[in-house]
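To keep things clear, I will list the structure first and then write my remarks on it.
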């Protein structure tokens, strides 16, 4: 028996296993994959009921033998191809415990259950296994079975050959998972012992707990062993775990063991500052208080963490996959985050990162404190925000000149005798490799990472010449003499340390009394005078010109103090002020203009000279500027001026929000000056006439439609060109081209109209016809159009002759004139009249004008103007034939309506119409008929209601002269259809051939059928009228004459009935009653004769059973069924499940014309075992259903699990009492009545039917 199911694929496998089902299983484990070649395991005999994880499910049916949530089929690499982890199992860590029994398969101390799952979505075991398949229910839901092991280094850029639970370096950073998962301080190494043989090293059981709980240093949800950046400082762990000098970059994984070949032996993470926190977990690896994240990046390109890690690798996404490449600011081998003196100036970073006055010493923290603070000293929680004394964007700890005074920090911070020469200097040697040169280490050059060295208080421990403000390396005026250190560089060589004016051995920048009789800055004013003047003797451009008493220096002469581009010397010669950037001779500009000149506004227009140069405007022209560039207050002169000549001052224009450079952008109300200049030549309104000409013409220079056309001397604006001053719909530009007047609304070319005319134009009446332009079809010409009409003879016709004229009737509210109408010609002889109020003309033709055409010529005038405005037109009238009038009629009644005559109210030329002068025609409806004489009849069977019919009358003398009317008839209650049952008579016996009592009955004169009427009759002892109207003589009726009555009633009106009598003469020799009765059988597939079936068993002849002596049996075989000569039924052998029919006929042997026919129906059903059992109480597939059991004489059913153990045995399966409902009924390990686990099972079904014995074998699937 062929079945197409999803289980077919496994049939052959089960056939192969079946012979050994139920036997004990012996496993010979000679070696484990992954174990050393020399390792040999002795023969192990495993009882099939061994339960390694003690969950009550024997290993042979336990799909997770070690209860770690990872299926055995996943943990075994199946090198032998048998899909059985019990044979040749895989042992990744070579501890003698195969992976499917090993709770720590890679031997790193972290349980497989933890390493197999995502850290963020970890699911703990529930301890529940409802379906007893050995897999914790926590890992069996949503259609998934078991944990799908995580592979961290595959997901995040590695080769990822091994999932984490088999990978000793899950993030492939060179640091073993066993190391990264534990605290550095409390690290416990493996013991190499596993006394309980569960795969977990004893070091991590017992007092330790049960397996390592992985550490997550940066609390980002990703434990360190999976975290590429465990301390979240942006530097990869593999970088921080190694020394900077001995750093080995990653290479490859050619042996595919998921350990980078560069780190095969594993990295031993370094701890730079010896605080018990390795650098890869230490957020301040050199302990200077500045976070590694800050020190590892340049200040200019610093990127703060984003807090986003979309790929879950532990590295902040802002640093990409590669992380930060730590910078090294000085010339040593240490990157800044491991260097306590990153700029090599001898002042430790810890000191330079803090203010002098607010300096805080590091605390003496123990290892536990450092661990709780992620390696950051408790004095600096949150990290130091480095100081930047000179505000140049480079913090002091990276700035070689923190105060920007031209003297380096390594000088100012180490010159304790104030002679300008540092007492401690750089040697190039760093004995303790802490980044601080031995030259600055003090008494102990090998003191390790002593982040502040010997500086306890920088305010007292570092040089400070003047004792004010700050220590020298942060003091811009070291000696406190009021002159900044850069200004005491007398020789201007950029080095104040070699300037000693009074030659006392102390450089001027450290000497508050360096002498002053000279002119230090060379500006021609002595230092003493400058002190009296309050000017700076060190600033060559800070002096009083009148106090120049000595010859200025050559440098001063060639300089340009005010930045106007003219040297100081030239300005003195020109008599201009060398300190005034706007007082200069432009012809003598020889230098680039700069400084004060650029920020000054020489012309007072509010725009700096620099901005004017950029804008291309004249810095000395107050009316040449870009308004948007005004950044200064304009001068009073500029405020009272009028740059654009529009008569409004610049200041007023700014207040008004108008443009002081645009002569057409101003507020007329604020004109206070004579209008002049650009304003007069401009054309503000764009009408082509200058403002000056408009003033002379007396027109408005701001109104584009107020101008004298002859004064146009400039091109009008595009706005004016596209505008329409006179509102006639033609643009001004088009009017100029057409030669029409753009100011005259009645002077235009209609073909040039492109705009909507104005409301004012629409109210005008250009042609004087009284019809305003807006409603006048031809606004430029008063016109009248010809009209036409028609009327029957002698009949008045009214024609609206003004309807198509330009003129309006006087009653039209739009008429702005007075309209008159008069006849001035035409052929019409009848009566003509005009009504100028309505615009209508009426005309009544004479009798002689019938069937002819006449004309009336009329004149229409607007009489309001003088002279009147007139037009003429002709009215043409077709005079028709005589007047015929068919008038609607209405009646109430039924049948032939008494006194009805549709012509009674019809007329011809006002006289009554009769059949002598008209022809009457009408088409009958289903309900009504108009008879030839004009009477009306309601057709038989018409139900109560109102109906209509139309008729037409045509003049006999002129058959084209016709009229039509409608007749309405109300058919009242009681006017039912005519029903007539007519008596019948027959001669015969039995079923009287061709008898039909309805054959002569009528409804509304039509033959009735069972669709129209209800047939009822009460049988007598002798006769029966059948439901189809046929008549039967009852068996045993003696010869004679008999009668029976019947009634027919209209279906649509069951109270409309009639009764008739049927008379039957029963004579001798009449046929017997023969009755072939339909048969029904159920049969299984396979073909053959249906047992115990015969079509004649229920047939009758005169009420008696028939046999082949009494009747003749005939039938035509079909493709599926055949009725045999003896009445049995044969089913075709290839027939499939379904329903089949065949007909047969029996005829009385003594009277072959006495016959009857019946139908045999055979339903074929297969015997078939359903393959799904879901015993969950939802009444769907709660038990194993077998189709066709009614055809089975006896049966046995056996069901086996995948190990060949019988879980069910039963006989005579019937789908009712003997059923398999998913519970054990065999020799399985489960107790009777225990529900079996979900899975695939094998069945053997033996059964016997009438056709023989059969065996059906296949799979079934149990699901919950």
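The values are calculated or read from the model by the stated rules, or taken from the named source; none is laboratory data. Remember, it's a predicted structure, so these values are computed and weren't measured experimentally. Virtual Cβ from ideal backbone geometry, glycine too; neighbours counted across all protein chains shown.
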Within region 484-500, tally of residues that are in contact (Cβ under 8 Å) with a residue 12 or more places away in the chain, buried (at least 18 other Cβ atoms within 10 Å of the Cβ) and in a loop (DSSP other than H, G, I, E, B):
4
The condition from (1) under 30 Å from residue 811 (Cα atoms); (2) at pLDDT below 95 that residue 772 misses is numbered (2)
Restricting to region 580-592, and then to whatever is surrounded by fewer than 16 Cβ atoms within 10 Å (Cβ to Cβ) and under 30 Å from residue 651 (Cα atoms), can you tell me which residue is farthest from the chain's Cα centre (by Cα)?
585
Got a sec? Which of 879, 854, 860 is crowded, with 16+ Cβ neighbours inside 10 Å, more than 30 Å from residue 969 (Cα to Cα) and touching a helix residue (DSSP H, G or I) at 6+ places or on another chain (Cβ under 6 Å)?
879
Kindly list, by first and then second residue, each pair from a residue in region 1190-1201 that is touching a residue at least 40 places away in the same chain (Cβ under 8 Å) to a residue that is in a helix (DSSP H, G or I), limited to pairs with Cβ atoms under 9 Å and residues at least 6 apart or on different chains.
1195/1189; 1200/14; 1200/18
I'd like the full set of residues that are within 60 Å of the chain's Cα centre (by Cα) and either part of a strand (DSSP E or B) or modelled with pLDDT of 85 or more (or both), limited to region 1078-1099.
1082, 1083, 1084
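Rundown of residues vs (1) within 60 Å of the chain's Cα centre (by Cα); (2) within 25 Å of residue 649 (Cα to Cα); (3) in a helix (DSSP H, G or I), yes/no style:
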| residue | (1), (2), (3) |
| --- | --- |
| 557 | no, no, yes |
| 566 | no, no, no |
| 577 | no, no, no |
| 594 | yes, no, no |
| 597 | yes, no, yes |
| 601 | yes, yes, no |
| 605 | yes, yes, no |
When the residues of region 312-371 are narrowed to those that are under 30 Å from residue 469 (Cα atoms) and not in a loop (DSSP other than H, G, I, E, B), which ends up modelled with the lowest pLDDT?
336
Is it the case, given these coordinates, that residue 361 is surrounded by fewer than 18 Cβ atoms within 10 Å (Cβ to Cβ), within 27 Å of residue 172 (Cβ to Cβ) and either in contact (Cβ under 8 Å) with a residue 60 or more places away in the chain or in contact with a helix residue (DSSP H, G or I) (Cβ under 9 Å, 6 or more places away or on another chain) (or both)?
no
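May I ask you to list the residues in region 1185-1199 that are in contact with a strand residue (DSSP E or B) (Cβ under 6 Å, 6 or more places away or on another chain), assigned to a loop (DSSP other than H, G, I, E, B) and either at pLDDT below 85 or surrounded by 14 or more Cβ atoms within 10 Å (Cβ to Cβ) (or both)?
Taking region 1185-1199 first, the residues in contact with a strand residue (DSSP E or B) (Cβ under 6 Å, 6 or more places away or on another chain) are 1186-1188, 1191-1199.
Filter once more, so that each one left must be assigned to a loop (DSSP other than H, G, I, E, B): 1188, 1192-1193.
Of everything in region 1185-1199, those that are in contact with a strand residue (DSSP E or B) (Cβ under 6 Å, 6 or more places away or on another chain), assigned to a loop (DSSP other than H, G, I, E, B) and either at pLDDT below 85 or surrounded by 14 or more Cβ atoms within 10 Å (Cβ to Cβ) (or both) turn out to be 1188, 1192.
Per-residue answers, yes or no, for (1) touching a strand residue (DSSP E or B) at 6+ places or on another chain (Cβ under 6 Å); (2) surrounded by 15 or more Cβ atoms within 10 Å (Cβ to Cβ); (3) part of a strand (DSSP E or B):
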residue	(1), (2), (3)
756	no, no, no
773	no, yes, no
776	no, yes, no
790	yes, no, yes
Considering (1) surrounded by 21 or more Cβ atoms within 10 Å (Cβ to Cβ); (2) over 23 Å from residue 338 (Cα atoms), say which one residue 205 fails and leave the rest.
(1)
Screening 920, 903 for residues that are part of a helix (DSSP H, G or I) and crowded, with 18+ Cβ neighbours inside 10 Å leaves only 903
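Filter region 1052-1077 down to residues that are in a loop (DSSP other than H, G, I, E, B) and touching a strand residue (DSSP E or B) at 6+ places or on another chain (Cβ under 6 Å) and give me whichever is surrounded by the fewest Cβ atoms within 10 Å (Cβ to Cβ).
Residues of region 1052-1077 in a loop (DSSP other than H, G, I, E, B): 1052, 1067-1073, 1076-1077.
Next, from what is left, pick out any that are touching a strand residue (DSSP E or B) at 6+ places or on another chain (Cβ under 6 Å): 1071-1072, 1076-1077.
On the way: 1071: 19, 1072: 18, 1076: 24, 1077: 13.
Filtering region 1052-1077 for residues that are in a loop (DSSP other than H, G, I, E, B) and touching a strand residue (DSSP E or B) at 6+ places or on another chain (Cβ under 6 Å), the one surrounded by the fewest Cβ atoms within 10 Å (Cβ to Cβ) comes out as 1077.
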List the number of the failed condition for residue 74; all other conditions in (1) in contact (Cβ under 8 Å) with a residue 60 or more places away in the chain; (2) in a loop (DSSP other than H, G, I, E, B); (3) surrounded by fewer than 23 Cβ atoms within 10 Å (Cβ to Cβ) hold.
(2)
